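What follows is calculated from the coordinates using simple rules that are stated; it is not laboratory data. Predicted model, so just to flag it, every value in this text is computed and none were measured. Positions of Cβ are generated from backbone atoms using ideal geometry, with glycine treated the same way; all protein chains shown enter the neighbour counts.
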Amino acid sequence: MILSLVILICTIGFTACMKKTTAMKQEGPPFGSKIDVSYSQKLWDVLVKEKLVGPGIIRSVPYDGMEPHGVILEQLSTKIEVNDHNDIVYVKANYMGDGMTRSKVVNEPAAYLKAITVMFKREKGYDPDNKDWFWVKYKPDGTLHTNPKGMALAGRVAKGMDAGCIACHVDADGGDYLFNNTASHLD
């Protein structure tokens with residue numbers, strides 16, 4: 001009887017502690033925090049070093065896109081290392097402009113590049129509800145786009161919302177949040 005009471009008290013205490021810990025982890029916005037912005041800057045530096053963005057970028061074949069990304073897109077994927085964590089990254093160059101064509105992108109990419117959207121697979125446990133993806137939307141110079149409320153688009157972008165990165169990608173076939181997943185398992 002006493003042992004049962006001790007187990008019950010410990011269980012109640014453990015459950016309360018876990019609820020408090022979970023609540024603490026979820027405090028604040030799911031994206032746009034100082035930590036998210038800092039991580040996005042480290043990620044950008046690695047993307048530049050690997051020539052996935054910036055000067056000397058590795059080019060891919062432009063293809064027809066759609067909102068919200070752009071009329072014409074280019075996509076690269078590979079494995080990279082950020083903060084001693086190595087995993088897959090998807091980098092999408094988003095091109096927009098009047099009379100947009102693939103040849104305009106090939107001939108003058110900088111004139112039409114409006115955003116670079118990135119999905120990087122973070123360490124296990126980062127966001128298990130959403131396959132541990134880190135989402136970010138950069139301007140061509142590496143600064144961050146913001147939403148209408150001024151929140152930086154980096155982290156678990158639009159988690160729990162009806163629109164935005166996670167809300168859209170959750171519907172991708174295969175349950176991996178990727179619409180074009182030909183390289184989702186790079187080794």
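Mean projection of the Cα convex hull over all viewing directions, computed for the range 31-175: 8.8 nm². Annotation: lysines with alpha-carbon distance below 30 angstrom to Lys104 (same-chain offsets under eight excluded): Lys49, Lys51, Lys79, Lys92, Lys114, Lys137, Lys139. Seen from Ala115, the other residues with C-beta closer than 9 Å to its C-beta sum to a net charge of +4, counting Lys and Arg as +1 and Asp and Glu as -1.
Each residue of the range 134-150 was assigned a 3J(HN,Hα) from its phi angle through the Karplus curve 6.51 cos²θ - 1.76 cosθ + 1.60 (θ = phi - 60°); the sequence is 9, 10, 7, 10, 9, 7, x, 8, x, 6, 9, 6, 10, 7, x, 8, x Hz, with glycine and proline shown as x. Gly65 sits among other residues whose Cβ lies under 14 Å from its own Cβ, and their net charge, with Lys and Arg +1 and Asp and Glu -1, is +1.
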